[in-house]
């Protein structure tokens, strides 16, 4: 017994005509009639009384019709379920992210992704770039969000956004009322920077280097919040990326207008490594919503 035979049988029963049934099923009438005859032979009963051009279900046909409809309905439901499963995003996504990006960029985008794909599970590892690269290459994370460029020919990198850098000054500092500054104006200032293991320290040092400044570093920390507190206390100045800006009554943020005073945030995957449906969907999600405020357009 073939599925198309059941379909043809139901079509004839519902239209009351072999001609109309053949047109509905988009098949030649002789072929449809032949399949109905084969079905009758297999069942050992006549399903229809042929009354000229009209047909009528026999008693066995009336008994068989609801069963045939049930079988076809179950098959349709099974196909729809499989199709839905194939188009839905399920599974795990493991994401690594550096500390100078994690609390500012990631939370709203994860929240939006989870609302869109409630059956996907995201785990996040926060670490500095060097260790994130080890985790990525070791298969412990699917994606790593960090500052670009990233070193290594084995990485596939996708830029997400480029952000400006700002000087953070104590309230009342002579430059705090300016809309923008050049790095050379900060030459004599004491600097408060992130520790050596943070890649944003390299970004800040490079900006100083381009301005031919050797910064006098008087305080180092692993967190911007600690640095801002020390700036507020008058210990010195700092440099932070745009996404880490905070409105504080005791500090002022002033745009640095030097040509290379920016950083590019991106996401890296291991080249040649197969990304499952959920990690791929999250990568596409990040690229689609990288520029938006709060993770939504």
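Observations
- So residue 124, is it at pLDDT 95 or above and either surrounded by 21 or more Cβ atoms within 10 Å (Cβ to Cβ) or part of a helix (DSSP H, G or I) (or both): no
- Here residue 260 passes the criteria (1) surrounded by 15 or more Cβ atoms within 10 Å (Cβ to Cβ); (2) touching a helix residue (DSSP H, G or I) at 6+ places or on another chain (Cβ under 9 Å); (3) under 25 Å from residue 201 (Cβ atoms) except the one numbered (1).
- Region 179-214 - residue that is more than 39 Å from the chain's Cα centre (by Cα) and in a loop (DSSP other than H, G, I, E, B) and, of those, farthest from residue 233 (Cα to Cα): 212
- Unique match (being over 24 Å from residue 120 (Cα atoms) and free of Cβ contacts under 8 Å to residues at least 40 places away in the same chain) among 254, 218, 207: 218
- Only one of 265, 240, 254 that is surrounded by fewer than 21 Cβ atoms within 10 Å (Cβ to Cβ) and either outside the structural domain of residue 131 (by TED's automatic domain parsing) or in contact with a helix residue (DSSP H, G or I) (Cβ under 8 Å, 6 or more places away or on another chain) (or both): 254
- When we screen 47, 51 for residues that are more than 15 Å from residue 3 (Cβ to Cβ) and buried (at least 16 other Cβ atoms within 10 Å of the Cβ), the only hit is 47.
- Every pair of residues 6+ apart whose Cβ atoms lie under 7 Å, when the first sits in region 94-106 and is in a helix (DSSP H, G or I) while the second is modelled with pLDDT under 95: 104/243; 104/244; 105/243
- Residues of region 111-120 satisfying the condition of being free of Cβ contacts under 8 Å to residues at least 40 places away in the same chain and surrounded by 13 or more Cβ atoms within 10 Å (Cβ to Cβ): 114
The values are calculated or read from the model by the stated rules, or taken from the named source; none is laboratory data. Because the structure is a prediction, the values reported are computed rather than measured. Because the Cβ atoms are built from the backbone with ideal geometry, glycine has one as well, and the counts that use them run over all protein chains shown.
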